1. For region 803-867, state which GluC sites (Glu not before Pro) are in a DSSP loop and have at most 11 other beta carbons lying within 10 Å of their beta carbon.
2. Within region 429-470, count lysine pairs with alpha carbon atoms under 26 angstrom apart where the residues are 8 or more positions apart or belong to different chains.
3. Hey, what do the phi angles of region 588-600 turn into as Karplus ³J(HN,Hα) couplings, whole Hz, using 6.51/-1.76/1.60 and θ = phi - 60°, x for Gly and Pro?
4. For region 744-826, what does the accessible surface come to per residue with a 1.4 Å probe? Please give it in Å².
5. With a 1.4 Å probe and every protein chain left in place, work out the accessible area per residue of region 546-642 in Å², rounded to a whole number.
6. Given a 1.4 angstrom probe, I'd like the percentage of the accessible area of region 325-439 that is carbon and sulfur, rounded to a whole number.
7. In whole Hz and in residue order, list the ³J(HN,Hα) couplings for region 93-101 that follow from phi through the Karplus curve 6.51 cos²θ - 1.76 cosθ + 1.60, θ = phi - 60°; x for Gly and Pro.
8. For GLU547 and LYS444, compute 0.36 nm times the residue count separating them, minus their Cα-Cα distance, and round to one decimal in nm.
Amino acid sequence: GLLAGSSDIATSLGVALLGRTSFRTIAMAAPPSKKLKTEAAAGESTEDGAEKAEAPAEPEVDAPSCSKPKNKDRVRFFTQDTTLNVMPSQAGNLLMSLADDGMQHLVAGARANIGIKAGRYMFEVTIVEHASVGENSRNRYCLRLGFATSGSNLFLGQSKESAGFDMSGQFMHGGAQSRFGNRVHLANGATFGAILNIDPASPNANTMSLFRDGVRVCPPQPLPEALKGKVLYPMINYKNMSLHSNFGPEPLVPLPFRCRMVQDAAKADVVVSKEEAAAGEKFEAIFPVGVPDEGTFDRLDEFLEKNPRYTELSDRMCTAWADASGIVRPRVQGSRDKTSRTFGVRELDDDSLRRAVYAIAPLQPRHYVVMEVRGNLLEEERKEMLRRFPRSTFKRIAQVVVGMPPSEYQKRVQAAVMKEKQAKSDQLFEARKQEKLRKKLLEKKRKEQEKAAKRAAREAQKKLAEAKKKAEEEVAKRKASEEGRLDEEKKENGEQVKDEMMEEVEEVKNEKPEEEKQQAESEEDREESEVEEPEESPPLVELTDDEKKLLFAPSDVPDLAPAVLSKDLSKFSIPSSGEGFDEIKFEWCSGAKAAEDYLKDWVQDRKMNSRIEELQPSAWFHHELAEFHRVYAGWRAKQAEHRAALQKEESDAEARKKFAVGKLAKAKNTTAHEVLKARKRWRQEGEPSVEEEVEKINAEGAEAVAAAEKEIEAADAALAELAKKEELINEEIRNLDIFEVDDVLDAVRGVPLFMNFKVEDWALLGHVFELNLLVHAFAHDVADPDRPGVHINHLAFYYKRYFGKDLWPADFGVETSSELVSITGDKLIHLTPRGVLATQLSGEFENYGVFVKVIEAFRRDRQLRADLGEKGATLKVSASRFGGDGGGKGSAS
C-alpha cells in the first residue's frame with residue numbers, strides 16, 4: 001500500500017474508480033440542466049393548486065464581468081501542501097488517501113497552490129466514494145472545506161490560520177467550533193462548493209459560504225478576524241473517501257447566482273505558490289541533535305514557525321495528527337519524544353502508524369525535520385535513518401543544538417515563562433473574583449429575602465389592623481342600631497362638627513401606618529444602596545531570581561522517559577561526517593570539539609543524577625548480605641547468652657538472700673511464739689521453772705537469727721561482688737581503645753564489645769552496614785567509571801531495589817535521607833560534595849567487627865551528650881519496625 005503513493009498508480013486507481021462510478025459522469029460533461037434536483041425542491045408542494053414554499057432570498061448576487069488579465073497558472077496540490085496520506089492523481093483531479101497501517105484513521109489534508117487576496121471565488125469537490133472503516137465510529141468518513149493561510153497546518157480549523165465547514169454542521173476556527181446548521185448529508189455524487197467573499201464592494205464581504213448540489217447550506221459565515229486581510233488558499237480535509245476537486249473555470253453545479261471559480265480568477269486577485277525545490281535541487285532532511293530537556297522541542301517549534309514548509313517527522317507529530325483527526329485519547333503523557341499512545345486503536349497504539357510514516361516520507365519529495373531526541377543522539381540509529389533518505393533526493397543535514405544558548409533564545413525562554421506564570425496568576429485572580437462575586441450575590445439574595453420578609457410582615461400587620469377596624473365598625477353599627485335613632489337626635493351643628501373632627505382624627509391615625517411603611521421602605525433602600533467597587537485588574541507577576549537564571553523552559557513532561565535515558569546515556573554521541581551527513585551545522589557551540597565536550601560533561605552529570613531503572617542486584621550482593629545476616633544473628637545470640645549468665649548469677653544471689661531473710665523472720669517469730677507458750681503454761685499450771693525455759697528458748701532463737709543474718713550477709717556480699725565485677729568490666733570496657741579490640745566477641749574477660757547495645761544500636765548497626773554494602777554493590781553491578789556511586793536523590797530507589805524494603809528516615813527520628821546518612825557523623829559512610837554516597841571501607845568485608853566498633857563509639861558519644869543534658873542526644877527508632885528495648889527485635893534485614 002505504501003508504493004501506491006506514486007502518481008502513476010494513483011492515476012490508475014482514479015481511472016478505475018471513475019469506471020465503477022454509477023452516478024453522473026465525473027468527467028463533468030453533463031450540462032447544468034441535467035444536474036440532480038436541489039434541496040430547495042424538497043420544499044415545493046406536490047398537491048395540485050398548492051403554492052410553492054417561498055425560499056429565502058439569496059444574499060449573494062451575480063459576479064460582474066471582469067476584463068482584468070486572468071491567472072494562467074493551474075490550480076494544483078503540491079506535495080509539501082498535503083499530509084503524508086494524500087494520494088493526488090495527475091489525471092481527473094482525484095484526491096484519495098492511504099488506507100493501511102493506521103492511515104485509515106487519520107484525516108487527509110490538502111491546500112491548493114493558488115491563494116485569494118481579493119474578490120469572490122469558489123471551488124468544488126465531488127464525493128466519488130466513501131466508506132467507514134471497521135465498526136468503530138471514530139473511523140467514519142468526514143469532509144471539511146475552507147480556506148487557510150500559506151503558513152497554517154494542514155488541519156482545517158485547528159489553528160487561527162484557517163477556517164471552514166465541517167459537514168457535521170460545525171464551522172471551525174482556532175480549535176473551536178460553532179454550529180452553522182444540521183449535519184450535511186454525504187453521499188456518492190454529492191457536489192459541495194465553498195465560496196470566499198473578500199470583495200469590499202459586496203454586501204457579504206468577509207464571509208464564507210457552503211453549498212451542496214447548488215443549494216445554500218447555511219447563511220454566509222463571518223470570516224474570523226485573524227484571517228481578514230490575509231491571502232487565503234482553498235483547503236480540503238477528508239477521511240475514508242475519494243474526492244474529485246474542481247477549481248474551474250466553470251462550476252459543475254450551477255448556483256442561484258454566477259460566481260467565478262479560482263481557476264478563472266484575475267491575476268491581480270491571487271497569489272501563486274511555487275514548489276519548494278526547483279528542478280535539479282534537493283530537498284532537505286534535517287536531523288536536530290540536542291541534549292534532552294535543553295530546548296529540543298522549543299527549538300523545533302521556533303524553526304517550524306519560521307519555516308512552515310518543513311514537515312515534522314516525530315512521535316509527537318503522529319499523536320497530534322490523531323488528535324486532529326478526532327480520535328480522543330486519555331491525557332496520559334509518557335515523554336515528549338515518545339508520547340504514550342492510548343487511543344484504543346490497534347494500529348495507532350502498536351507503532352504501526354509510526355513505521356508507515358517513516359516508510360512513506362522518503363517517497364514524497366519535500367523538506368523534513370526528523371525529530372527523534374533519542375535516535376538522533378545514537379550513532380547506529382542515525383545511520384539507519386540516513387539510509388531511509390537517499391542522497392539523490394535529499395540533502396541530509398545534522399543540526400547540532402547543544403551548548404550555551406544565545407541571549408536571544410534565553411530572552412524568549414524568560415518571556416515564555418513570564419507568559420505562563422501570568423496566565424496562571426490571571427486564572428487564579430479570575431477564580432477569586434468569581435468566588436467574591438458569588439458571595440456578594442448570595443449576600444444580596446439574603447438581604448432581599450430579609451427585605452421581602454419584612455414587607456410581608458408589614459402587609460400582614462396592615463391586613464390585621466384593617467380586619468380589626470372593620471370588626472370594630474360592625475360592633476359600633478350594631479350598638480348604634482340598638483340604642484335607637486341617635487342620628488336623628490344629633491343633627492345639631494355642634495354635634496356634626498364634633499363628629500367631622502373625630503373622623504379626620506381617625507383618618508390621620510389610619511394614614512400614619514402607611515407613612516411609616518413608606519419611611520421603612522425608604523430606609524431599607526438606603527441600606528441596600530452600595531457603592532460600586534472599581535474594577536480590579538489582574539496583578540502583574542514578576543520572575544524570581546531563579547526563573548531569571550533559566551536557560552531552558554521547564555516542562556512537566558521530560559523529553560525522554562527516565563528508564564530510556566538511563567539505558568542509552570552512555571551511548572550518546574555527536575554526529576560526525578563519516579556517518580554520511582552532507583552537512584553538519586553547529587548552532588550553539590563553535591564546533592565538534594566544543595559540542596562533544598559539552599555532551600560528555602552533561603552525560604557524566606546526568607549519570608550521577610539519574611537512576612538506572614533496569615539495574616538488578618548481583619549474586620555477589622546476595623552472598624555478602626546473607627553472610628552478614630549470619631554473623632549478625634550470632635552477635636545477637638552472644639549478647640543474649642552473656643546477659644542470661646549475668647542475670648542467672650544475680651538471680652541466684654537474690655534467691656539466697658531472700659531465703660535467708662525468710663529464715664531470719666521465721667527464727668524471730670518462732671522464738672517469740674515459744675516464749676508466749678511457756679508463760680501461758682506457767683500461768684495455767686504454776687510451774688516454778690518457767691524463767692529457765694524462757695532463757696533456753698531465747699538462746700536457741702538467737703542462734704537461729706545469727707545464722708540467718710550470716711546468710712544474708714553472705715548473699716549481700718555475693719551481690720556486691722557481682723556489681724563490683726560488672727562495674728569493673730564496664731570500667732575496663734570504657735577505658736578500652738575500641739578500635740584496638742581484636743575480637744568484638746571477647747573484648748574484656750569474655751565479654752563482647754556490644755554488651756550494652758540496645759535496640760536502637762542494633763538497628764543502627766544494620767543500617768550502617770546496608771549503606772556500605774549498597775555503595776560497593778552499586779559499583780560492582782554498574783561498573784561504570786562515570787557513575788561513582790548512588791546519588792542522595794536516588795538513595796530510596798536503590799535501597800528498595802537492593803534490599804526489597806522502603807527506606808524511611810522517620811524510622812530513625814530524622815526527616816531527610818541526607819540526615820539519615822550522616823546520623824553517625826562521617827564515620828564509615830558519608831556524602832561527597834556532589835551528593836554521592838561514599839564509604840571509607842573497601843568492598844572486601846573480611847571482618848564485620850568494624851561496624852560494631854563504630855556503633856559502640858557512637859553509643860558512648862550519645863550517652864555522654866545525654867549525661868551533659870544535651871537535647872536530641874537520644875536516638876529514637878521506630879518501635880513498630882525494630883521492636884522494644886534491649887534484646888528486642890532490632891534487625892538488619
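The values are calculated or read from the model by the stated rules, or taken from the named source; none is laboratory data. These figures come from a predicted structure and were not determined experimentally. So basically every Cβ, Gly included, is an ideal-geometry build from the backbone, and we count neighbours across all protein chains shown. Note: accessible area is taken over every heavy atom of the protein model, side chains too, but ligands, DNA and RNA are not part of it. Shrake-Rupley method; radii C 1.70, N 1.55, O 1.52, S 1.80 Å.
1. Filter output for region 803-867: GLU815, GLU844, GLU846.
2. 26
3. For region 588-600, the Karplus curve yields 10, 9, 6, x, 4, 4, 5, 5, 5, 5, 5, 5, 4 Hz.
4. Working: 2960 Å² over 83 residues.
Value returned for region 744-826: 36 Å² of accessible area per residue.
5. With all protein chains present, region 546-642 gives 53 Å² per residue.
6. Taking all protein chains in place, region 325-439 shows 55 percent carbon and sulfur surface.
7. 6, 8, 10, 10, 9, 5, 9, 10, 6
8. Details: separation 103, 0.36 × 103 = 37.08 nm, distance 4.34 nm.
Computed gain between GLU547 and LYS444 is 32.7 nm.
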